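First comes the structure, then the notes that go with it.
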Amino acid sequence: EADIYQTPRYLVIGTGKKITLECSQTMGHDKMYWYQQDPGMELHLIHYSYGVNSTEKGDLSSESTVSRIRTEHFPLTLESARPSHTSQYLCASSDLSGSYNEQFFGPGTRLTVL
Amino acid sequence: GNSVTQMEGPVTLSEEAFLTINCTYTATGYPSLFWYVQYPGEGLQLLLKATKADDKGSNKGFEATYRKETTSFHLEKGSVQVSDSAVYFCALREVNTGKLIFGQGTTLQVKP
């Protein structure tokens, strides 16, 4: 069983609010990822990190930002939420050294911006 | 660029029916291939994987074979159960970057 956690699981918030989605893993994985999952279920990589102080933009442009100050923690922040940010956000992690590089996923945060 | 294409859903089957979900890919080099499953309200779980041509991944009665000649990784199960109802994602791991590229997902509904 994967030890990767996301909070909150559900968030409904008004336009213009600043929000932070939390993601933590206890597996000591170096790599962490954020995906945005649209209503059609397709997954888009929006941020990833290879380790502490490393952050990269993913394949889908996003107005969110991320930080990686500790290995186990990879929060995602939206400075000013908008209805277009309404989506499911999935966090994942993987071991740099693993031959399969399997990604373990958290349960997701479903964000609704009114 | 690299990409994964899955058959469109939803796929609706009766219990004990045979399942095939098609997946084809376009990639540089020889990527590792994966099937992930997402149950309602949950994150993705790795279902099975294969790292080289002709490898067969299997788990929980599901299996998929890495076919380099047809660039495919079709998911099959001989007898589905209601509990298999979920969204299934095919994915490849990019050789150069290690990133996962996902297909669009296929919803499976199994009726009793």
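Which residue, of B:LEU13, B:LEU47, is within 14 Å of chain A (Cβ to nearest Cβ), assigned to a strand (DSSP E or B) and either at positive phi or of a type in the set (A, V, I, L, M, F, W, C) (or both)?
Exactly one residue qualifies, and that residue is B:LEU47.
So if I check each of A:LEU114, A:LEU90, A:LEU78, A:LEU11, which one is within 14 Å of chain B (Cβ to nearest Cβ) and out of contact with any Cys (no Cβ under 8 Å at 6 or more places or on another chain)?
Exactly one of A:LEU114, A:LEU90, A:LEU78, A:LEU11 is within 14 Å of chain B (Cβ to nearest Cβ) and out of contact with any Cys (no Cβ under 8 Å at 6 or more places or on another chain), namely A:LEU90.
So which strands (runs of 3 or more DSSP E) are wholly in the range A:1-90 and hold at least 1 residues that are out of contact with any Asp or Glu (no Cβ under 7 Å at 6 or more places or on another chain) and among the β-branched types (Val, Ile, Thr)?
A:4-7, A:10-13, A:19-25, A:43-49, A:76-78
Suppose we filter B:THR20, B:THR97, B:THR70 for residues that are exposed (fewer than 15 other Cβ atoms within 10 Å of the Cβ) and within 27 Å of A:SER49 (Cβ to Cβ); which single one remains? Can you show your working first?
On the way: B:THR20 fails: within 27 Å of A:SER49 (Cβ to Cβ); B:THR70 fails: within 27 Å of A:SER49 (Cβ to Cβ).
Answer to the selection: B:THR97.
Would you tally the residues in the range A:52-75 being surrounded by 13 or more Cβ atoms within 10 Å (Cβ to Cβ), away from chain B (no Cβ under 12 Å) and of a type in the set (Gly, Ala, Ser)?
Counting residues in the range A:52-75 that are surrounded by 13 or more Cβ atoms within 10 Å (Cβ to Cβ), away from chain B (no Cβ under 12 Å) and of a type in the set (Gly, Ala, Ser) gives 3.
Every residue in the range B:16-44 that is assigned to a strand (DSSP E or B) and under 15 Å from B:LYS77 (Cα atoms), please.
B:LEU19, B:THR20, B:ILE21, B:CYS23, B:TRP35, B:TYR36, B:VAL37 - these are the residues of the range B:16-44 that are assigned to a strand (DSSP E or B) and under 15 Å from B:LYS77 (Cα atoms).
The rows are residues; the columns are (1) in contact with a strand residue (DSSP E or B) (Cβ under 6 Å, 6 or more places away or on another chain); (2) modelled with pLDDT of 95 or more.
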| site | (1), (2) |
| --- | --- |
| B:SER14 | yes, yes |
| B:GLY29 | no, no |
| B:LEU48 | yes, yes |
| B:ASN59 | yes, yes |
| B:GLY78 | no, yes |
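Quick check on the range A:25-45. Is at least one of its residues among the small types (Gly, Ala, Ser) and either surrounded by 21 or more Cβ atoms within 10 Å (Cβ to Cβ) or under 22 Å from B:VAL87 (Cβ atoms) (or both)? Explain how you work it out, then say what you get.
Pass one, the range A:25-45, residues among the small types (Gly, Ala, Ser): A:28, A:40.
Adding the requirement that they be either surrounded by 21 or more Cβ atoms within 10 Å (Cβ to Cβ) or under 22 Å from B:VAL87 (Cβ atoms) (or both) leaves A:40.
Yes.
Just a yes or no: is a residue in the range A:105-114 touching a Ser or Thr at 6+ places or on another chain (Cβ under 7 Å), under 24 Å from B:GLY98 (Cα atoms), surrounded by 16 or more Cβ atoms within 10 Å (Cβ to Cβ) and not acidic (Asp, Glu)?
No, the range A:105-114 contains no residue that is touching a Ser or Thr at 6+ places or on another chain (Cβ under 7 Å), under 24 Å from B:GLY98 (Cα atoms), surrounded by 16 or more Cβ atoms within 10 Å (Cβ to Cβ) and not acidic (Asp, Glu).
The values are calculated or read from the model by the stated rules, or taken from the named source; none is laboratory data. Just so it is clear, the model here is predicted, and its values are computed rather than measured. Because the Cβ atoms are built from the backbone with ideal geometry, glycine has one as well, and the counts that use them run over all protein chains shown.
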